[in-house]
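Asks: Structure in structure tokens, see below.
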Amino acid sequence: MKDFYQKIVELKEAGTNAMLCTIVQTKGSTPLKAGAKMIVISKEATFGTVGGGSIEAQTIDKALELLSSNKQELIHIELYSKEGTSCGGTADIFIEPLIQNYKLYIFGAGHVGKALAYLSESLDFDITVIDDRGGIFNDWKDGNYKQVVTKFGDFLKELKFDAKVFIAIITYNHKIDWEILSFCAGKPWCYLGMMGSQSKVKAMKKGLLNLGISKEIINKINMPIGMEINSESATEIAVSIAAQMIKQKNAEC
């Protein structure tokens, strides 16, 4: 078991997406009992076992299905003989992502971006702040976030989108906001928000429609960003954004 937990540490340190499968309950005749664990990385790459044979094959298939969405599920498996008759054994297996953290990308390191990064440190996010202005981070305190100075377009090309991604667009330029928004809108994400006035938002929605983005997706984009709390200061705006992200995260995206 020591090697098993060491494998978990290695995968987490490497940032490898994988699913942890644990037998939580069995009834009747089963190869292994509650507590047996298996890590599923791909069809060909697994570590540990939940019993082999049909029970393991079904678990792997379900784990790979959940891997794409990074969600968790408790599955119930009934064991059958080669003749197709029930062997009388059942197993409940809990499948969960090995890496649980959500990824927050803050585009724009101005006053609101800084406040949001500081505030989000205590939340369940891996935080990256992106800006193209040299020296923008000089007055920032050290914290649990990454600071990236690069062209926004270059960063977007390397960004890996999935159901754990949160994006806050709060740059200093409308054209840059549009560049980021139009690039991200049709990709997988849990949360996408953009700061802007009502007239700016109206123009952005029209632009997305012209790109072929569906109204359903556009309606999921939070713009203007943040919950309505009559916020005024950068910190208050950051609080409204964080609250909106927490609400979305807890809704399981």
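Asks: Taking only the range 76-102 into account, find how many residues are in contact with a Cys (Cβ under 7 Å, 6 or more places away or on another chain), surrounded by 11 or more Cβ atoms within 10 Å (Cβ to Cβ) and either modelled with pLDDT under 85 or assigned to a loop (DSSP other than H, G, I, E, B) (or both).
Replies: Of the residues in the range 76-102, 2 are in contact with a Cys (Cβ under 7 Å, 6 or more places away or on another chain), surrounded by 11 or more Cβ atoms within 10 Å (Cβ to Cβ) and either modelled with pLDDT under 85 or assigned to a loop (DSSP other than H, G, I, E, B) (or both).
Asks: Of the conditions (1) touching a strand residue (DSSP E or B) at 6+ places or on another chain (Cβ under 8 Å); (2) hydrophobic (A, V, I, L, M, F, W, C); (3) assigned to a loop (DSSP other than H, G, I, E, B), PHE47 satisfies every one except a single condition; which number is it?
Replies: Here PHE47 meets the rest and fails (3).
Asks: When you look at ALA234, is it touching a Leu at 6+ places or on another chain (Cβ under 9 Å), surrounded by 17 or more Cβ atoms within 10 Å (Cβ to Cβ) and under 21 Å from ASP131 (Cα atoms), yes or no?
Replies: Here the answer is no, as ALA234 does not meet what is asked.
Let's see how each residue does on (1) buried (at least 16 other Cβ atoms within 10 Å of the Cβ); (2) under 21 Å from the mean Cα position of the chain (by Cα); (3) polar (S, T, N, Q):
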position	(1), (2), (3)
GLU10	no, yes, no
GLU13	no, yes, no
LYS62	yes, yes, no
LEU66	yes, yes, no
ASN70	yes, yes, yes
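Asks: Residue check: is LYS220 among the charged types (D, E, K, R) and over 21 Å from the mean Cα position of the chain (by Cα)?
Replies: The answer is no for LYS220.
Asks: Turning to a different aspect of this structure: Give ILE136, ILE176, ILE180 a once-over and let me know the one that is over 18 Å from GLY207 (Cβ atoms), surrounded by 14 or more Cβ atoms within 10 Å (Cβ to Cβ) and not hydroxyl-bearing (Ser, Thr, Tyr).
Replies: Residue meeting the stated conditions: ILE136.
Asks: OK, next. Being under 17 Å from ALA117 (Cβ atoms), at pLDDT 95 or above and surrounded by 15 or more Cβ atoms within 10 Å (Cβ to Cβ) narrows it down to one of GLY226, GLY193, so name that one.
Replies: GLY193
The values are calculated or read from the model by the stated rules, or taken from the named source; none is laboratory data. Computed from a predicted model, the values in this text were never measured in an experiment. FYI the Cβ positions are ideal-geometry reconstructions off the backbone, even for glycines, and counts take in every protein chain you see.
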